[in-house]
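Written out below as structure tokens is the structure these notes cover.
The values are calculated or read from the model by the stated rules, or taken from the named source; none is laboratory data. Everything numeric in this text was worked out from a predicted model, so none of it was measured. Every residue, glycine among them, receives a Cβ derived from its backbone with ideal geometry; neighbour counts consider all protein chains shown.
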Amino acid sequence: MGQTINPFDKDIIKVETELCGRTLSLEINRVGFRTTSSVLARYGDTVVLGTVMVSDKKVDMDYFPLSIDYEEKMYAAGKISGSRFIKREGRPSDDAVLIGRLIDRPIRPLWPKGYRHEVQGVATVLSMDPQFRPDVVAMVALSAAFSLSGAPFDGPVAGLRVGYDQEGKLAAFLPPEQLDKGGLDLVVAGTQSGVMMVEAGATEVSEEQVAEAIEFAFTTMQPAIKLQEQLIEKVDVAKQEYELNLPDESIQKTVDEWLEGKLGDDLRLPYPERNVLVQKLRDEMFDELSERLGKEQFSELRNHYHDAFQMALHKDVRKGIVEDNVRPDGRKLSEVRMLSSEVGVLPRVHGSSIFTRGITQALNIVTLAPLSYSQMVDTMEKEGERRYLHHYNAPGYTVGEVRRLGSPGRREIGHGYLAERALIPVLPAESEFPYAMRSVTEIMSQNGSTSMAATCSSCLALMDAGVPLKAPVSGIAMGLMMDDNKPYILSDIADAEDFAGDMDFKVAGTAKGITALQMDMKVHGLPVEILSQALQQGKEGRAFILEHMLQTLDSPRDTMSPYAPRVESIQINPDKIRDIIGKGGETIQKITGETGTDIDIKDDGTVMIASPDGASIEAAKHWIQTLTEEPEVGKIYVDKPVVSVMDFGAFVQIMPGKDGLVHISELSEDRVAKTSDVVKEGDKVTVKLVAIDDRGRLQLSMRAAKREQSEKSEKAG
């Protein structure tokens, strides 16, 4: 018989505090007995389990093998998947992938360089209060679990999602609908000492407002950090023994000596010349060291020499910026690389553009479709449709590598979402532009900030497609290097500066304000004042790039591509929707089949009719109007059939299912003795609807119709 784990061997430990009007609690030793560490975090009715596994042995990898995942469970929201065939949770939704990245970004920099033990963190949402999103609760749960694992995690961290409440004041844990209405949806994560990560979507919010919101979030989330510290004090955490995989000092010294006199000014070259020279230097160094040490010994140490070479390059980049205010490619700190853009580059697509900044290049293609092509969303948090989608692709050739093609990874999903978020605030309303829109960025070449290139190219392609954007959007990536608490802020960073720098932040927006923001710190937290300074410099860079874009295309095109579908909308009484659909969908299938159109009907009675052919749209529109038209007092109905003749008058059908009486006195200006003297069944007559009585009966007049038509003819003459 094997041994069993007795869960009662350990006492349950629970700590709690007040955070933004609710109780936040952290609890251990209730579940997860085989994990390295696990924490149950509860906030209101939201409960998240954070579990951490840390391997005992170091693995032979040239990167830190950390993985952080966020698990959505439909049961947490009291839901069963709306899919007819698949009820079990499958691959993570894009939202789950994005939240996993959101949690990963402030946690990853807090591990020592050279740590090579496999680490896995999983946040599982067990119960969800729909009044607020559970992502920052999951961040706290995982941070606490990492802190209790004994591994060298320099936390804890916490996060907060803030926006404007109904009174226009900053608040946390707002309902999702209020975040949409308030114009700001911002997540800030950090340690006790500084901000680690910022992500935001906004409706043209100013840089000053964003800085104020960051400060508010950072201050307000501190109780969540103190609560984790309180939990850590209650637990006797066994520290893990480990060795860091750092370059040998002798190896670094050898590389530094070999590179002496070869870096500095000799390497201040534009891209791609600089990249070519760097590769040449690396190859020459490897060849010489291979001969000096012997191929077998060098092969064993090759990765260490590679890391030492990269370290020397990073130091050289920082030295040039700090001491000379000169960047690796010779630019000034606030200088943007050379820009180039064009639109209408592909003949059969609905909209296209190429945006080039230095050697970073993005080709974007926009496709328009009827609203029925919108993507259905069914996740733990959301149900509905996505009308605008941005997809981002970056194959291996874009960085000069041979790489197998596959489905998009977390990076591709994240970059696509950031560019999508930047454009959503300026998209036209559905009533104004009743189309589903798909924007696809095919990265052609990478050398820093492809997500912002995707944003710029997407904006141009949407304008090329004739999408009436409220305002054009541009984006820029900014960098930062700290030296003795002095910040050096870089506009439009390239790869070399990104790898050597202390912060990478991307900001997009219009001339009025910010629409999307993403900041990631590589140091252990930064003060808000420095972030505010970076935002202001980013504003200048965005304006410069936007000016260039508007020289290429200054406004959305007045006409769409001849290959794009045309969509027109009409409004009907919602009670008439069933008349269009018909029994078992028979009527709508007949309309679409005979007219060659796509028809989408909203619950409010909005009917969207789509087709590349205007005549087809008109035919479908007329058919629908015939089925749904309501009798209108004062309207003249021409050539309508007489369906029956009576002694007191004639019944005329003015529309399907709608008959009205023309009293014998209303048949003619002259006195009529007998109805059949004037009309017979089957005749086509012109009538005017003069009244609808309280029982819904229609009163028609041939006499009034003839009189009105005569008066119009006289006026026209």
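Things worth noting here:
- If the condition is being charged (D, E, K, R), surrounded by fewer than 23 Cβ atoms within 10 Å (Cβ to Cβ) and at negative phi, then the stretch 455-507 contributes 470, 483, 486, 495, 498, 502, 504.
- For residue 224, the test of being in a helix (DSSP H, G or I) and either of a type in the set (Lys, Arg) or at negative phi (or both) is passed.
- 3 or more residues of a type in the set (Val, Ile, Thr): qualifying strands (runs of 3 or more DSSP E) within the stretch 431-510: 436-445
- Scan of the stretch 574-599 for residues that are loosely packed, with under 14 Cβ neighbours inside 10 Å and more than 29 Å from residue 437 (Cβ to Cβ), ordered by number: 575, 578, 583, 584, 586, 590
- Number of positions in the stretch 539-594 that are more than 25 Å from the chain's Cα centre (by Cα), among the polar types (S, T, N, Q) and closer than 24 Å to residue 348 by Cβ: 3
- Hits in the stretch 668-692 (condition: within 17 Å of residue 653 (Cα to Cα) and among the acidic types (Asp, Glu)): 681, 683
Yes/no per residue for (1) among the hydroxyl-bearing types (Ser, Thr, Tyr); (2) farther than 24 Å from residue 218 by Cβ; (3) at pLDDT below 95; (4) not assigned by TED's automatic domain parsing to the domain that holds residue 522:
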| residue | (1), (2), (3), (4) |
| --- | --- |
| 125 | no, yes, no, yes |
| 137 | no, no, no, yes |
| 149 | yes, yes, no, yes |
| 153 | no, no, no, yes |
| 158 | no, no, no, yes |
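- Criterion (of a type in the set (D, E, K, R) and crowded, with 20+ Cβ neighbours inside 10 Å) met by exactly one of 385, 430, 420: 420
- Cross-chain or 6+ apart pairs with Cβ under 9 Å, the stretch 395-406 first and more than 10 Å from residue 446 (Cβ to Cβ), then part of a helix (DSSP H, G or I) and modelled with pLDDT under 90: 403/397
- Checking the stated criteria, residue 674 turns out not to satisfy the condition of being assigned by TED's automatic domain parsing to the domain that holds residue 708, modelled with pLDDT under 95 and within 60 Å of the chain's Cα centre (by Cα).
- Of all residues in the stretch 340-359, at least one satisfies being at pLDDT below 95 and surrounded by 16 or more Cβ atoms within 10 Å (Cβ to Cβ).
- Checked against (1) over 38 Å from the mean Cα position of the chain (by Cα); (2) outside any loop (DSSP other than H, G, I, E, B); (3) within 18 Å of residue 306 (Cα to Cα), residue 279 passes all but a single condition, namely (1).
- Of all residues in the stretch 511-528, those being among the charged types (D, E, K, R) and either not assigned by TED's automatic domain parsing to the domain that holds residue 488 or not in a loop (DSSP other than H, G, I, E, B) (or both) number 1.
- Candidate set: the stretch 383-394, residues that are on the phi < 0 side of the Ramachandran plot and free of Cβ contacts under 8 Å to residues at least 40 places away in the same chain; chosen: the one nearest to the chain's Cα centre (by Cα): 386
- Filtering 695, 703, 707 for residues that are without any contact (Cβ under 8 Å) to a residue 60 or more places away in the chain, surrounded by 14 or more Cβ atoms within 10 Å (Cβ to Cβ), among the basic types (Lys, Arg) and over 23 Å from residue 622 (Cβ atoms) leaves a single hit, 703.
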